[in-house]
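Undergrad: Got a structure here, written out as structure tokens. Questions coming.
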Amino acid sequence: MTETAAAERTPLVYIIAGEASGDVLAAGLMQSLKKMTGGKVRFAGVGGDRMAAEGLTSLFPISELAVLGVFEVLPHAPKLLRRIGQTVDNILELQPDVLLTVDSKGFNLRVQKRLFKRRAAGQNVPFPLLHMVAPTVWAWRPGRAKKISKFLDELLVLFPFEPPYFEEHGLKTTFVGHPASVQPVGDGARLRARTRIPPKAPVLGVFPGSRRGEVRRLLPGFGETVRRLAPRYKDLKVLIPTVSGVADMIRDGVADWPVQPVILEDADDKYDAFAAMNAALAASGTVTLELALAGVPTVVGYKVNPLSVPIGRMLVNMEAVVLTNWILKRQVQPFFMQHNCTPDALTVAVARMFDDTRARADCSRAADELRAVLGTGEIAPSDRAALAVAEAAGIAVPELP
């Protein structure tokens, strides 16, 4: 049998992720699929460094999709539309056994919708259309649940309270668990030793976001907050775990900070960094949930393009923006949005996280509560997601307990 013929008999999974968090989710699923199939699976699609490490050659750079907000998207719309068309054409040409899109709903659901329309028109789209990470219909625009239920075959969700929103409209919805619920416990002492941070020095983690727009809006204010905290906490050290797409931008932005941060680009350093931190200041996003699960007292700040604010206030449930607070129904992570996201406010809130033993104890309790809510028992979320994808694609895999 020729190598080409063998490859043609190997299942092809087409995966699209459009930002760093989706890249991590997709890479975990890819790793699980390879393990379950003994490596007898192929991948194509769009992804970042983590998916590349699992064997994906991206159709185009993932950085082109990392756009957020109505007015942030508009300048990039022509290129995004071209990329949507290019991706749809590539999928149709390759005819995968299954298509899985991961988060990045503005791009991914447009790809899915185009393919569904092709299928409805009798064109060659026999493969299942799956999406992972549900639109946050519980936070804003609940009507989206009905809309996307019309053009997907299955939805994989990370939170146990999400399936009813979509099952109501006839969409098969599978709770796979949140990968952060099984994130490893890092070694803070090891990271402190490697970065020459004294064992008792106070450490602040700073997370200004994984998109360039987020970093541009948040890093200056986060820097001013560090400037105000430095005199209060002797020997204050700052860690900034980040991703390659914005690392250079962050380096430029912190050049004049009074405390020069240690910038960590290696994803394997993240959990050690969590364990080394006494407190964190973070952009709203998945990382705030990861920090909560690691028990790191965290203050959350966020800013969007000012022109997007009136639209956002009409459509968004602001109480659901910080996932930890929404899931636990109490404020564990103080949140400061837009004009409230000032160095004055952030400085006071971060200082409380350093100093208030009751606030720190609540963060520790919250970590245990979150793991109980988001976990799925003995089967890891990435394995549950891989099983769902394999079943949809007709790929034979061993049954897990």
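Undergrad: Which of the residues belonging to region 335-378 are outside any helix (DSSP H, G or I) and either surrounded by 16 or more Cβ atoms within 10 Å (Cβ to Cβ) or of a type in the set (Gly, Ala, Ser) (or both)?
TA: Matches in region 335-378: Phe335, Phe336, Met337, Cys341, Gly375, Thr376, Gly377.
Undergrad: For region 352-398, which positions are more than 22 Å from Pro202 (Cα to Cα) and among the hydroxyl-bearing types (Ser, Thr, Tyr)?
TA: Thr376, Ser382
Undergrad: Continuing with the same structure: Kindly check whether there is at least one residue in region 228-238 that is in contact (Cβ under 8 Å) with a residue 60 or more places away in the chain, within 20 Å of the chain's Cα centre (by Cα), assigned to a loop (DSSP other than H, G, I, E, B) and not assigned by TED's automatic domain parsing to the domain that holds Lys150. Walk me through how you get there before you give the answer.
TA: Step one: list which residues in region 228-238 are in contact (Cβ under 8 Å) with a residue 60 or more places away in the chain, which gives 228-229, 232-233.
Those left that are additionally within 20 Å of the chain's Cα centre (by Cα): none.
So far as region 228-238 goes, no, none of its residues is in contact (Cβ under 8 Å) with a residue 60 or more places away in the chain, within 20 Å of the chain's Cα centre (by Cα), assigned to a loop (DSSP other than H, G, I, E, B) and not assigned by TED's automatic domain parsing to the domain that holds Lys150.
Undergrad: Which of the residues spanning region 167-184 are surrounded by fewer than 18 Cβ atoms within 10 Å (Cβ to Cβ) and in contact with a Phe, Trp or Tyr (Cβ under 7 Å, 6 or more places away or on another chain)?
TA: Those that are surrounded by fewer than 18 Cβ atoms within 10 Å (Cβ to Cβ) and in contact with a Phe, Trp or Tyr (Cβ under 7 Å, 6 or more places away or on another chain): Gln183, Pro184.
Undergrad: Does at least one position in region 111-123 carry a residue that is in contact with a Lys or Arg (Cβ under 9 Å, 6 or more places away or on another chain) and surrounded by fewer than 16 Cβ atoms within 10 Å (Cβ to Cβ)?
TA: Yes: one or more hits.
Undergrad: Looking at (1) more than 20 Å from Val185 (Cβ to Cβ); (2) assigned to a strand (DSSP E or B); (3) touching a Leu at 6+ places or on another chain (Cβ under 6 Å), find the lone condition where Val259 falls short.
TA: (2)
Undergrad: Looking at Thr225 and the list (1) at pLDDT below 95; (2) crowded, with 18+ Cβ neighbours inside 10 Å; (3) polar (S, T, N, Q), which single condition is not satisfied?
TA: (1)
Undergrad: Search region 16-52 for residues being assigned to a strand (DSSP E or B) and of a type outside the set (A, V, I, L, M, F, W, C), and hand back the single one that is farthest from Leu158 (Cα to Cα).
TA: The selected residue is Arg42.
Undergrad: Ala20: crowded, with 24+ Cβ neighbours inside 10 Å and modelled with pLDDT under 85, yes or no? Before you say what the answer is, go through the steps one by one.
TA: Numbers: crowded, with 24+ Cβ neighbours inside 10 Å: yes; modelled with pLDDT under 85: yes.
Yes: the conditions hold for Ala20.
Undergrad: Among (1) in the same structural domain as Asn278 (by TED's automatic domain parsing); (2) touching a residue at least 60 places away in the same chain (Cβ under 8 Å); (3) of a type in the set (Asp, Glu), which single condition is Asp153 missing?
TA: Here Asp153 clears every test but (1).
Undergrad: Related question: Return the pairs, sorted by first residue and then second, in which the second residue is charged (D, E, K, R), the first residue lies in region 295-309 and is at pLDDT 95 or above, the beta carbons are less than 8 Å apart, and the residues are 6+ apart or on different chains.
TA: Qualifying pairs under 8 Å: Pro297/Arg360.
The values are calculated or read from the model by the stated rules, or taken from the named source; none is laboratory data. The structure presented is a predicted model; accordingly, all values stated were derived computationally and were not measured. Methodologically, a virtual Cβ is constructed for each residue, glycine included, from the backbone with ideal geometry; neighbour enumeration extends over all protein chains shown.
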